[in-house]
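> Right, I'll just put the structure down here and ask away after.
The values are calculated or read from the model by the stated rules, or taken from the named source; none is laboratory data. Since we're looking at a predicted model, the values are computed, not measured. Neighbour counts are summed over all protein chains in view; Cβ atoms, including those assigned to glycine, are modelled from backbone coordinates with ideal geometry. Ligands, DNA and RNA are excluded from the accessible area calculation, which covers all protein heavy atoms including side chains. Shrake-Rupley method; radii C 1.70, N 1.55, O 1.52, S 1.80 Å.
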Amino acid sequence: MGLYRVGRAAAICAFLAGLVGACNRPARPGDDRALTAPRDVAADAALPLPAYRVRYLDGAGPLTARIDQPPWTGVPDLGRLTQVGTDGAPMRFDTRVKVGWTDKSIRIIWHCLDGEILAEHVERDSPVYTDDCVELFVSPTGDLTRYFEFVANARGAMFDSKIANPSLKRTGSFRIAEAWNCPGLRWHATRGPVGSDGERWWAVEMEIPFAGLGVEAPAVGDVWRANVCRIDHVDSEQWGSWSALPHRRYGLHQSDRFGLWIFER
Amino acid sequence: MADQIPVYRLKKVSNLPPLSARLDQGPWPDLPEFGELTLLGTAGEPARCKTVVKACWSDTSIRILWHCEDDAVRASHTKRDAPLWSEEVVELFVCPGRNLTDYYEFNFNALGAVFDAHISNPSIIRNESFKPDIPWNCENLQWVVAGEGKFNNTASQDKWWAVEADIPFASLGGAAVPRVGEYWHANVFRIERTEPEQYCTWSVLPAFKPGFHQADRFGSWVFIE
């Protein structure tokens, strides 16, 4: 299994079972087991949102998941991910993310520094979110009640789904269509060697066709809403988010907090 | 580092009373303020002049109020679509759609003049491709001004001036009435001409030269109940 820890999720599950009294389904961000102290949800909703200008990529080439290679050289980073449920605390390990677009698709890459990499799942639409994983939430229409979720781990397992979230926060009305698979989606995962300090990196690159999301290619100046996240299992889970999510109760599905992607050429 | 876009949540108010431009009247005492305006060309340095901005919405329109503390209120333009921005003015840029190259601009001065235009800003940040449609007038736009002082009188120690405007959704290129939870892109401004001049903006604009037309930094207006 090499770098990948096996059986750790089962251990976590057993530990959580002791905490919450049941573990009949995978723990998932959004479950209320991660409640922090109550916060003013309305005040949090008025926090600033991040914005990123998505560059047009000429000749994007094959997916390599290498952030130091074309088409990514010269493309600015999205910005730091901060821990969900905090006032902007950094994650233990840095994550670099870049996004671009072509005539046909969105390209996105995550480059994750890490210590131990937890990646058990290999099947499409398995609960990849219980591994160390990267996540994209994206609403191409700007309708924050309907969006898509893409989750991948270091072994290249993909969980993609279509979300209906009428309350903009994960509540009882939340619906997830896990059977949905994004037509034409391509992705690639890779990992680097262990450094002398025990650090490693792993990376995922995705190509998401506009047609797969049911939309035309954007025009310059179009705004999409999106959030980019990472889950890292260290001593305890850390959830990282591009857009500040100080209120952890609703997990990563807080679509009114999605940042802005502005398409440019 | 990503840009940080401010968020303002517009409350819905039914049965809006007539315009007053009075901070202590109508719906205004109960509504939250936009954050402090900052100086154009800075990383968020607060403007020295104090401006209170509030907004809300109804089934048919947006209401917005600027209350500007000012000890020397200056304005001379009185005609529709005169270059109000060359004097003391408050401004709104508002994009009801999902494309930041296409939006509307409103300027108001203390004499009750208005400049309104439909903006085409193909490069998102103003350059030579920028094209305002100045003859465009916002149908059924209402606005009133109020204030304390003798404007344009150098002997007068003025106190404040204010503008309240009512902008029908239907007049913004047929924009649909927003649903609760929906959002628009917008920025609000003030120009204060007492030296040293202050170009004030709600959303932080670190670059001075493109001026106010930096649509990629419009704030987010969220329509709530």
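> Hey, can you tell me all the residues within segment A:82-123 that are closer than 21 Å to A:Trp72 by Cβ and in contact with a helix residue (DSSP H, G or I) (Cβ under 9 Å, 6 or more places away or on another chain)?
Result: A:Lys104, A:Ser105, A:Ile106.
> In addition: Mind listing just one residue for me: the one in segment B:21-40 that is open to solvent by less than 30 Å² (accessible area, probe 1.4 Å) and more than 14 Å from every other protein chain (Cβ to nearest Cβ) and, of those, farthest from the chain's Cα centre (by Cα)?
Only one residue tops the list, namely B:Pro27.
> Can you tell me which residue in segment A:213-236 is least open to solvent (accessible area, probe 1.4 Å), limited to those that are under 22 Å from A:Cys133 (Cα atoms) and without any contact (Cβ under 8 Å) to a residue 60 or more places away in the chain? Don't jump to the end; show me each part of the working.
Taking segment A:213-236 and keeping what is under 22 Å from A:Cys133 (Cα atoms), we get A:213, A:225-236.
Okay, now just the ones that are also without any contact (Cβ under 8 Å) to a residue 60 or more places away in the chain, so A:235-236.
Details: A:Asp235: 154, A:Ser236: 76 Å².
Once the filter is applied, the top-ranked residue is A:Ser236.
> Do you know which residues across segment A:221-236 are touching a strand residue (DSSP E or B) at 6+ places or on another chain (Cβ under 6 Å) and either away from chain B (no Cβ under 12 Å) or not basic (Lys, Arg) (or both)?
The initial filter retains those residues of segment A:221-236 that are touching a strand residue (DSSP E or B) at 6+ places or on another chain (Cβ under 6 Å), namely A:221-232.
Once the filter is applied, which keeps residues that are touching a strand residue (DSSP E or B) at 6+ places or on another chain (Cβ under 6 Å) and either away from chain B (no Cβ under 12 Å) or not basic (Lys, Arg) (or both), segment A:221-236 yields A:Gly221, A:Asp222, A:Val223, A:Trp224, A:Ala226, A:Asn227, A:Val228, A:Cys229, A:Arg230, A:Ile231, A:Asp232.
> For A:Thr171, are the conditions met, namely being surrounded by fewer than 17 Cβ atoms within 10 Å (Cβ to Cβ), touching a helix residue (DSSP H, G or I) at 6+ places or on another chain (Cβ under 8 Å) and either polar (S, T, N, Q) or touching a residue at least 40 places away in the same chain (Cβ under 8 Å) (or both)? Spell out how you get there, then give the answer.
On the way: surrounded by fewer than 17 Cβ atoms within 10 Å (Cβ to Cβ): yes; touching a helix residue (DSSP H, G or I) at 6+ places or on another chain (Cβ under 8 Å): yes; either polar (S, T, N, Q) or touching a residue at least 40 places away in the same chain (Cβ under 8 Å) (or both): yes.
Taking the combined requirement at face value, the residue satisfies it.
> Of all residues in segment A:83-101, which are within 14 Å of chain B (Cβ to nearest Cβ) and either crowded, with 20+ Cβ neighbours inside 10 Å or under 15 Å from A:Ser236 (Cα atoms) (or both)?
Within segment A:83-101, A:Pro90, A:Thr95, A:Val97, A:Lys98, A:Val99 meet the criteria.
> Taking A:Val20, is it at pLDDT below 50, more than 14 Å from chain B (Cβ to nearest Cβ) and over 20 Å from A:Arg248 (Cβ atoms)?
Numbers: at pLDDT below 50: yes; more than 14 Å from chain B (Cβ to nearest Cβ): yes; over 20 Å from A:Arg248 (Cβ atoms): no.
Considered against the rule, which asks whether it is at pLDDT below 50, more than 14 Å from chain B (Cβ to nearest Cβ) and over 20 Å from A:Arg248 (Cβ atoms), A:Val20 comes out as no.
> Hey, among the residues in segment A:130-145 that are farther than 30 Å from B:Ile224 by Cβ and of a type outside the set (D, E, K, R), which one's nearest to the other protein chains (Cβ to nearest Cβ)? First the steps, then the outcome.
First pass over segment A:130-145, keeping only residues farther than 30 Å from B:Ile224 by Cβ: A:130-134.
Adding the requirement that they be of a type outside the set (D, E, K, R) leaves A:130, A:133-134.
Numbers: A:Thr130: 28, A:Cys133: 22, A:Val134: 17 Å.
This residue is A:Val134.
> Out of A:Asn153, A:Asn181, A:Asn165, A:Asn227, report the one residue that is at pLDDT 95 or above, in contact with a Ser or Thr (Cβ under 7 Å, 6 or more places away or on another chain) and among the polar types (S, T, N, Q).
Numbers: A:Asn153 fails: in contact with a Ser or Thr (Cβ under 7 Å, 6 or more places away or on another chain); A:Asn181 fails: in contact with a Ser or Thr (Cβ under 7 Å, 6 or more places away or on another chain); A:Asn165 fails: at pLDDT 95 or above.
Residue meeting the stated conditions: A:Asn227.
So that you can scan it fast, the table gives a plain yes or no per residue for (1) in contact (Cβ under 8 Å) with a residue 12 or more places away in the chain; (2) under 21 Å from A:Arg200 (Cβ atoms); (3) touching a Pro at 6+ places or on another chain (Cβ under 8 Å):
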| residue | (1), (2), (3) |
| --- | --- |
| A:Val84 | yes, no, yes |
| A:Thr95 | yes, yes, no |
| A:Ala119 | yes, yes, no |
| A:Tyr129 | yes, yes, yes |
| A:Cys133 | yes, yes, no |
| A:Glu149 | yes, no, no |
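> Given the conditions (1) open to solvent by 60 Å² or more (accessible area, probe 1.4 Å); (2) more than 14 Å from chain A (Cβ to nearest Cβ); (3) modelled with pLDDT under 95, and given that B:Ala170 satisfies all but one, which numbered condition is not satisfied?
(3)
> Another question, if that's okay. State the number of residues belonging to segment A:97-117 that are basic (Lys, Arg), in contact (Cβ under 8 Å) with a residue 60 or more places away in the chain and out of contact with any Gly (no Cβ under 8 Å at 6 or more places or on another chain). Please lay out each step first, then the result.
Taking segment A:97-117 and keeping what is basic (Lys, Arg), we get A:98, A:104, A:107.
With in contact (Cβ under 8 Å) with a residue 60 or more places away in the chain added as a condition, the list becomes A:104, A:107.
Among the residues that remain, those that are also out of contact with any Gly (no Cβ under 8 Å at 6 or more places or on another chain) are: A:104.
Number of matching residues: 1.
> I've got another one for you. Can you say whether A:Gly251 is small (Gly, Ala, Ser), open to solvent by less than 10 Å² (accessible area, probe 1.4 Å) and touching an Asp or Glu at 6+ places or on another chain (Cβ under 9 Å), as far as the supplied structure shows?
Working: small (Gly, Ala, Ser): yes; open to solvent by less than 10 Å² (accessible area, probe 1.4 Å): yes; touching an Asp or Glu at 6+ places or on another chain (Cβ under 9 Å): yes.
Against the criterion (small (Gly, Ala, Ser), open to solvent by less than 10 Å² (accessible area, probe 1.4 Å) and touching an Asp or Glu at 6+ places or on another chain (Cβ under 9 Å)), A:Gly251 qualifies.
> Do any strands (runs of 3 or more DSSP E) entirely within segment B:41-156 hold 1 or more residues that are at pLDDT 95 or above and open to solvent by 10 Å² or more (accessible area, probe 1.4 Å), and if so, which? Can you show your working first?
Working: elements: B:51-57, B:61-69, B:89-95, B:102-108, B:114-120, B:131-133, B:142-148.
Counting at least 1 such residues, we get B:51-57, B:61-69, B:102-108, B:114-120, B:131-133, B:142-148.
> Here's another thing I want to ask about it. Which of the residues that make up segment A:102-119 are over 16 Å from the mean Cα position of the chain (by Cα), open to solvent by 10 Å² or more (accessible area, probe 1.4 Å) and modelled with pLDDT of 95 or more?
A:Thr102, A:Asp103, A:Lys104
> Applying the selection to segment B:138-155, what residues are polar (S, T, N, Q) and free of Cβ contacts under 8 Å to residues at least 12 places away in the same chain? It would help to see each step written out before you state the result.
Within segment B:138-155, the subset polar (S, T, N, Q) is B:140, B:142, B:152-154.
Passing the criteria: only B:Asn153.
> Can you tell me which residue is nearest to A:Arg66 (Cα to Cα) among those in segment A:202-220 that are away from chain B (no Cβ under 14 Å) and of a type in the set (Val, Ile, Thr)?
So the first thing to find is which residues in segment A:202-220 are away from chain B (no Cβ under 14 Å), and the list is A:202-214.
Filter once more, so that each one left must be of a type in the set (Val, Ile, Thr): A:204, A:208.
On the way: A:Val204: 8, A:Ile208: 17 Å.
Among those residues, the one meeting the criterion is A:Val204.
> Give segment A:237-263 a look and list any residue that's hydrophobic (A, V, I, L, M, F, W, C) and more than 14 Å from chain B (Cβ to nearest Cβ), or say none. Write out each step before concluding.
Taking segment A:237-263 as the starting set, the residues that turn out to be hydrophobic (A, V, I, L, M, F, W, C) are A:239, A:242, A:244-245, A:252, A:258, A:260-263.
A:Trp239, A:Leu252, listed by residue number.
> Related question: Kindly evaluate A:Phe148 against the criterion of being within 25 Å of A:Val223 (Cβ to Cβ) and either away from chain B (no Cβ under 14 Å) or in contact with an Asp or Glu (Cβ under 9 Å, 6 or more places away or on another chain) (or both). Spell out how you get there, then give the answer.
On the way: within 25 Å of A:Val223 (Cβ to Cβ): yes; either away from chain B (no Cβ under 14 Å) or in contact with an Asp or Glu (Cβ under 9 Å, 6 or more places away or on another chain) (or both): yes.
Judged against the criteria, A:Phe148 is a match.
> Looking at segment B:16-23, can you tell me whether even one residue there is part of a strand (DSSP E or B) and at pLDDT 95 or above?
no
> So which of B:Val180, B:Val188 is of a type in the set (A, V, I, L, M), within 12 Å of chain A (Cβ to nearest Cβ) and under 20 Å from B:Leu10 (Cα atoms)? If you could, list the steps in order and put the result at the bottom.
On the way: B:Val188 fails: within 12 Å of chain A (Cβ to nearest Cβ).
Exactly one of B:Val180, B:Val188 is of a type in the set (A, V, I, L, M), within 12 Å of chain A (Cβ to nearest Cβ) and under 20 Å from B:Leu10 (Cα atoms), namely B:Val180.
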